[in-house]
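Asker: My questions all concern the structure below.
Each value in this text was obtained by applying a stated rule to the coordinates, not by laboratory testing. This one's a predicted model, so the numbers in the text were calculated from it and none came from an experiment. Please note: Cβ atoms are built from the backbone with ideal geometry, for glycine as well, and neighbour counts cover all protein chains shown.
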Amino acid sequence: MDVIDIGFAAKLASTAMVVLLATLIAERAGAFVGAMIVALPISAGPAYLFLALDHNAAFIADSARISLGVNALVPPFLLVAAMVIRKAGLIPALAAAFVIWGGGAVVVLATDISLIGAVLLNIVSFIICLPLSRPLLAQPPSQALRRGYIDIVVRVIAVMAVVGTAIIVGRRLGPEVAGIAAVAPVVWTSLTVVVYARSGRAACSAILANGIGGMIGFAMALPAVALLAGPLGWPLAFIIALGLCVAWSTGLTFARPYIPLYRIAK
């Protein structure tokens, strides 16, 4: 197949290295800092990089617009998973979360959402989900995350699957479907499976709930890609977008003691 070649395999291998590095850092961090790291574009970043190598700036801008619309579904995905997992366990939590995410992604794709509409949808999503996440943010000290190499393997495989899917659908089905595939919440899903198995419901719920605030950085990065990929070129647009993500996660980490939401949770 012309969509699967040596270059395709090289892209997946390089993605695995990026995920491995990010995971090793996140494994030593705890619920809040770990969530800030996972909220970085660990899977979407490589997916967009390789899409950019295959397509023009207009394709990337269209994909980013759709990705932004779908990104508005990640806060409810995380919130529902965090709430349900405490009471019902892993499978019901992920099932409920993916029903919301998948249904919303279909609507976003069907409506061909505008960039302004996607921005507004994200604002509403975060305004609703952040306050509702407050009771779930604190992680019990006894539920500290434990490290394991199987965790790394699971996440590397999951992210490689997302990147591979994004590349293939980008070549076959166009920017809209590629934009959805690039931001599928597989990193959060694999993290949920691993943390649930190793550290229990409370720790898993806490890291998911803390991830909602971290995803605001990604919500700021996608409009930057959509607006700047054409005028400035995708390399500079990606650098600016990554800078926004890193700056948000870093700033939120340092500002956490002064933010009422997190002070009350603690």
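Asker: HN-Hα J couplings of the range 119-133 from phi, Karplus 6.51/-1.76/1.60, θ = phi - 60°, integer Hz, Gly and Pro as x?
Answerer: Along the range 119-133, the couplings run 5, 5, 4, 5, 4, 4, 4, 5, 4, 6, 7, 4, x, 5, 7 Hz.
Asker: Which of ASP112, ASP54, ASP62 has the fewest other C-beta atoms within 10 Å, and how do the rest follow up to the most?
Answerer: Exposure proxy ranking, most exposed first: ASP112, ASP54, ASP62.
Asker: Moving to a separate point now. Tell me, in nm to one decimal, what length is gained between VAL106 and ILE128 on full extension, where the rule is 0.36 nm per residue of separation less the Cα-Cα distance? Don't skip to the end; give the middle numbers.
Answerer: Numbers: separation 22, 0.36 × 22 = 7.92 nm, distance 2.11 nm.
Length gained between VAL106 and ILE128: 5.8 nm.
Asker: Taking the alpha-carbon centroid of each part, what is the distance from the range 215-258 to the range 49-93 in angstrom?
Answerer: If you average the Cα positions of each part, the centres end up 16 Å apart.
Asker: While we're here: Along the range 48-63, what does the Karplus equation 6.51 cos²θ - 1.76 cosθ + 1.60 (θ = phi - 60°) give for ³J(HN,Hα), rounded to whole Hz, x for Gly and Pro?
Answerer: Ordered by residue, 3J(HN,Hα) equals 5, 4, 6, 4, 5, 6, 9, 9, 8, 5, 5, 4, 5, 4, 5, 4 Hz.
Asker: Could you give each residue of the range 252-257 its phi-based ³J(HN,Hα) in whole Hz, using Karplus coefficients 6.51, -1.76, 1.60 with θ = phi - 60°, and x for Gly or Pro?
Answerer: Calculated HN-Hα couplings, in order: 5, 5, 6, 7, 3, x Hz.
Asker: Let me ask something else about it. Based only on other Cβ atoms within 10 Å, what is the fewest-to-most ordering of PHE50, PHE98? Mind showing how you got there, number by number?
Answerer: Values: PHE50 23, PHE98 17.
Starting with the residue having the fewest Cβ neighbours, the order is PHE98, PHE50.
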